[in-house]
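Read the structure below first, then the notes.
The values are calculated or read from the model by the stated rules, or taken from the named source; none is laboratory data. Quick caveat, the model's predicted, so the values are computed rather than measured. Virtual Cβ from ideal backbone geometry, glycine too; neighbours counted across all protein chains shown.
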Amino acid sequence: MNLLNIDNLHASIGDEKILNGFSLKINSGETHAIMGPNGSGKSTLSYVLSGKDDYNVTQGNILLKNENIIELSADERSKLGLFLAFQYPIELPGVTGMTFLRTIINSSRVAKGLPELEGIELVKIIREKATELNISQDMLKRFVNVGFSGGEKKRFEILQMSLLDPSIAVLDETDSGLDVDALRTVGSGVTNLKNKDKGMLVITHYQRLLDHIVPDFVHIMVKGKILESGGPDLAKIVEKEGYKRFIDAN
């Protein structure tokens with residue numbers, strides 16, 4: 001099943017054109033990785049997919065499970081099954097992790113026509129998933145991302161993804177700020193969520209993340225579009241040779 005179809009996407013912020021005919025299809029069970037140099041438009045792509053304000057789509061379509069989401073809000077896209085893990089997760093002072101997770105779980109359930117969960121049943125689900133990602137109960141009592149280390153922030157995002165169970169997960173440089181142990185934990189958490197019904201789009205600069213989240217396809221992005229696609233070995237070539245030949249070819 002085709003989950004995400006990005007067709008000839010052009011987007012800008014202000015007068016600056018960033019995406020220039022970007023196209024990509026992700027089917028059920030597939031993990032795609034996008035690599036590229038700084039300024040290639042990788043993070044812009046993630047923001048445009050999620051519906052972030054200030055980005056103007058001037059051409060093309062984004063189909064999520066065959067529904068065009070270009071005009072939908074970020075909240076509406078989320079309820080349709082799109083999840084974005086941010087490169088730099090924001091802090092939510094005054095909102096505890098447990099309160100936040102309860103809210104997003106029940107919001108998602110209501111959108112799917114399911115009854116809300118309450119009390120012990122909901123807490124049990126959250127605690128079980130948190131334990132799998134080495135997230136302590138004390139961390140769930142703290143304000144979201146306030147005072148969290150880089151690894152804690154990323155693990156908390158993967159916990160959100162696990163609980164929301166999205167159809168398509170977009171991970172925007174989720175390896176940023178992670179040490180070796182945190183990278184291994186996050187990579188394992190993401191890999192455990194992969195199955196035949198879901199799709200993943202992993203955006204990264206480096207091969208090291210792809211050692212833990214092994215992609216089916218790797219795409220090289222330069223100046224807002226894909227220049228070359230291949231298997232996992234393409235990422236290893238980039239790690240060895242860099243992006244110079246792709247930049248020069250453009």
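Note down all Cβ pairs under 6 Å where the first residue falls in the stretch 5-17 and is closer than 12 Å to Thr44 by Cα, the second is crowded, with 17+ Cβ neighbours inside 10 Å and among the hydroxyl-bearing types (Ser, Thr, Tyr), and they're at least six residues apart or on different chains.
Ala11/Tyr55; Ile13/Tyr55
Can you find a residue in the stretch 114-130 that is buried (at least 16 other Cβ atoms within 10 Å of the Cβ) and either touching a Gly at 6+ places or on another chain (Cβ under 7 Å) or of a type in the set (D, E, K, R) (or both)?
Checking the stretch 114-130: at least one residue is buried (at least 16 other Cβ atoms within 10 Å of the Cβ) and either touching a Gly at 6+ places or on another chain (Cβ under 7 Å) or of a type in the set (D, E, K, R) (or both).
Would a scan of the stretch 8-16 turn up a residue that is in contact with a strand residue (DSSP E or B) (Cβ under 9 Å, 6 or more places away or on another chain), buried (at least 20 other Cβ atoms within 10 Å of the Cβ) and closer than 30 Å to Phe148 by Cβ?
Checked against the condition, which is being in contact with a strand residue (DSSP E or B) (Cβ under 9 Å, 6 or more places away or on another chain), buried (at least 20 other Cβ atoms within 10 Å of the Cβ) and closer than 30 Å to Phe148 by Cβ, the stretch 8-16 yields no hits at all.
Residue by residue, here is whether (1) more than 24 Å from Ser28 (Cα to Cα); (2) of a type outside the set (A, V, I, L, M); (3) at pLDDT below 90 holds:
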| residue | (1), (2), (3) |
| --- | --- |
| Leu101 | yes, no, no |
| Ile135 | yes, no, yes |
| Val146 | yes, no, no |
| Gly150 | yes, yes, yes |
| Ile168 | no, no, no |
| Asp181 | yes, yes, yes |
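Would you check if there is a residue in the stretch 18-39 being surrounded by 19 or more Cβ atoms within 10 Å (Cβ to Cβ) and free of Cβ contacts under 8 Å to residues at least 60 places away in the same chain?
no
I'm checking my understanding of the structure. Among residues of the stretch 50-75 that are under 16 Å from the mean Cα position of the chain (by Cα) and at pLDDT below 95, which one is surrounded by the fewest Cβ atoms within 10 Å (Cβ to Cβ)?
Asp75
If I ask for residues that are small (Gly, Ala, Ser), within 15 Å of Thr204 (Cβ to Cβ) and either part of a loop (DSSP other than H, G, I, E, B) or more than 13 Å from the chain's Cα centre (by Cα) (or both), which ones from the stretch 151-176 would you list?
Ser176
Return the residues of the stretch 216-250 that are of a type outside the set (A, V, I, L, M), touching a residue at least 24 places away in the same chain (Cβ under 8 Å) and not in a helix (DSSP H, G or I); say none if nothing qualifies.
Within the stretch 216-250, Asp216, Phe217, His219, Lys223, Gly224, Lys225, Tyr243, Asn250 meet the criteria.
Give me the helices (runs of 4 or more DSSP H) completely within the stretch 63-146, filtered to those with at least 1 residues that are under 30 Å from Asp7 (Cα atoms) and in contact with a helix residue (DSSP H, G or I) (Cβ under 7 Å, 6 or more places away or on another chain), ordered by residue number.
Helices (runs of 4 or more DSSP H) meeting the threshold: 74-79, 97-111.
For every residue, the table says whether it meets (1) farther than 27 Å from Gly151 by Cα; (2) free of Cβ contacts under 8 Å to residues at least 60 places away in the same chain; (3) part of a helix (DSSP H, G or I).
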position: Leu178; (1), (2), (3): no, yes, no
position: Leu183; (1), (2), (3): no, yes, yes
position: Val186; (1), (2), (3): no, yes, yes
position: Lys196; (1), (2), (3): yes, no, no
position: Met200; (1), (2), (3): no, no, no
position: Arg208; (1), (2), (3): no, yes, yes
position: Val214; (1), (2), (3): no, no, no
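Of all residues in the stretch 188-226, which are under 16 Å from His32 (Cβ atoms) and small (Gly, Ala, Ser)?
Passing the criteria: only Gly199.
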